[in-house]
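Enquirer: Supplied in structure tokens, the structure appears directly below.
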Amino acid sequence: MGGIIVVDFIDMEKKDSRETVFQAFLDALKKDRIKTFVYPISELGLVQLTRKRTRENIVSMLTEACPTCDGSGHIKNRVTVCYEVLRSLRTSCRKGEGNRFDVYLAPEVASLLFEEEKSSIEYLESTYGKKINIIANPTFVVDNYEVKGAY
């Protein structure tokens, strides 16, 4: 544990009791190898201490980053990925990276490309003279896709 820590000793009205508890606190902290600074108990019965954190927090010690979202807690939605795929296809078509492109992606993104963005796919095919195959892969998560060019 590290940072600023506040301990509330409720209903400790006697100054002698506060001093005894404070001294016990100091004695207990002598065993801690981490430098800790303790402020005396306030009139409200609060003890404030600061302690330097020396290692990772417990969450990062016991978990690892999600491979899907890279630990951000968010993944792109299907619309964002759809337009990302279209940009990638346009770039690949311009570079001449093949006569045919197979696009592997999550089913929900594939359906968006088939339904709402079919004209964009047709535009790329006619403009660049390429064939584009949209292939839904049920093992892909929404923000995972692959564009493969072939001759």
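Enquirer: For the stretch 16-58: of the residues being in contact (Cβ under 8 Å) with a residue 12 or more places away in the chain and among the polar types (S, T, N, Q), which is least open to solvent (accessible area, probe 1.4 Å)?
Expert: Here the answer is T36.
Enquirer: Any residue that is open to solvent by 40 Å² or more (accessible area, probe 1.4 Å), touching a Leu at 6+ places or on another chain (Cβ under 8 Å) and farther than 30 Å from G3 by Cα - is there at least one of those in the stretch 62-70?
Expert: No, that holds for no residue.
Enquirer: So, one more: Considering only helices (runs of 4 or more DSSP H) fully contained in the stretch 27-115, which possess at least 3 residues that are more than 25 Å from the chain's Cα centre (by Cα)?
Expert: Per the criteria, 78-95, 107-115.
Enquirer: Okay, next question. Looking at the stretch 1-42, which of its residues are touching a strand residue (DSSP E or B) at 6+ places or on another chain (Cβ under 6 Å) and more than 27 Å from I58 (Cα to Cα)?
Expert: Of everything in the stretch 1-42, just one residue is touching a strand residue (DSSP E or B) at 6+ places or on another chain (Cβ under 6 Å) and more than 27 Å from I58 (Cα to Cα), namely I41.
The values are calculated or read from the model by the stated rules, or taken from the named source; none is laboratory data. These numbers come from a predicted model, not from an experiment. So basically every Cβ, Gly included, is an ideal-geometry build from the backbone, and we count neighbours across all protein chains shown. Side chains are part of the model used for accessible areas, which takes the heavy atoms of the whole protein and leaves out ligands, DNA and RNA. Shrake-Rupley method; radii C 1.70, N 1.55, O 1.52, S 1.80 Å.
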